[in-house]
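Just below is one structure, and these are the notes that go with it.
The values are calculated or read from the model by the stated rules, or taken from the named source; none is laboratory data. Keep in mind the model is a prediction, meaning the values are calculated, not measured. Methodologically, a virtual Cβ is constructed for each residue, glycine included, from the backbone with ideal geometry; neighbour enumeration extends over all protein chains shown. All accessible areas refer to the heavy atoms of the entire protein, side chains included, with ligands and DNA or RNA removed. Shrake-Rupley method; radii C 1.70, N 1.55, O 1.52, S 1.80 Å.
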Amino acid sequence: LLACRVLDSATQPVRHAEFTVSDRNGHKIVGGETDPFGMILAMVPVGEYRLAVSSESFSPYRGSESVVEEGKCTGVKDILLQAAPLIPLPTPGEWEIERAHTRISFAARHIGLGRVFGHFDNFSGAIRVGESMEETAMHVVIDAASIDTNVKMRDEHLRSADFLDVDQYPTMEFYSDRFVHRGGNNWAITGGLTLHGVTRTVTLDATYGGLRVGMEGEPRAAIRATTELHREDYTINWQSMLARGIAVVGSNINIELNVQIVPRGTELEFK
């Protein structure tokens, strides 16, 4: 029995931390998540093992463990995870989305079997970074007609009144209400998304990637965010069924944003 307890710096259990037990050659033996008490329990053959533990907001742990004398428990070992160092945040001020290194994409279920992927080619966005990130606000506008799934006929159908109805609703817009820190480099960005003439509150699960200096000497920051939409919430109700009652297009739409921002007014040769 390999038994370990994963704790934070305040000796509180770290729940749902991911762990992997590997042999000396690096081959995975078992993996999973810690239980509500921060415990790792694994029945493994006698031998030497490598244990890796990771959890959001903590630095990863890697160590060696020995399991001796089959059927005998050697006691519970405490593993202390250290808080991960915070990445510097963008400086307060006006920033904007840098389109050349930003992608707004989506995936939808197709005939209950696979997924159809697409993205939007035209969009813009402004971010006002506050003195604290909780005071930050963002506004993103997407050209609905710029939808691209790499199939011309399908794209034309998506632009029609059956789906986005771009003649009547040419843009989609997101206005943030608040940024909430979830620990480490993880944030929740809540706001109103207007799509197909309907506004609903959505939450983006965001991971901040940090600050860098670009190839032209410009400061830039990156963020990845995801959310799930239900198209019926936005009165996009077109539906067609296969003979066995399987929907051609699923209800849930997974959205992924990989965004880079630069200070507003930055002039770049590569766009």
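Observations
- Segment E232..E135, full-extension length gain: 31.7 nm, with 0.36 nm per residue of separation and the alpha-carbon distance subtracted.
- Zone residues, region 1-24, relative to D78, backbone N less than 13 Å from point 7 Å out along Cα-to-Cβ: 5-14
- Other-chain or far-sequence residues with amide H under 5 Å of V30's (modelled H): V21
- Electrostatic dipole magnitude of the chain [Cβ: Lys, Arg +1; Asp, Glu -1; Cα centre; debye, to 20]: 660
- Among the chymotrypsin sites (Phe, Trp or Tyr not before Pro) in region 9-107, those placed in a DSSP loop whose Cβ has at most 12 other Cβ atoms within 10 Å are F37.
- Our estimate of slack between I255 and N150, defined as 0.36 nm per intervening residue step minus the Cα-Cα distance, is 36.1 nm.
- Across region 28-152, Cα pairs under 8 Å and at least six residues apart give a relative contact order of 16 percent.
- Note on region 19-147: dipole from Cβ charges, positive end direction compared against S54, G32, A83; the farthest Cα belongs to G32.
- Accessible area in square angstrom per residue, the chain, 1.4 angstrom probe: 58
- Assuming charge only on the beta carbon of Lys and Arg (+1) and of Asp and Glu (-1), the dipole of region 1-127 about its Cα centre is about 280 debye to the nearest 20.
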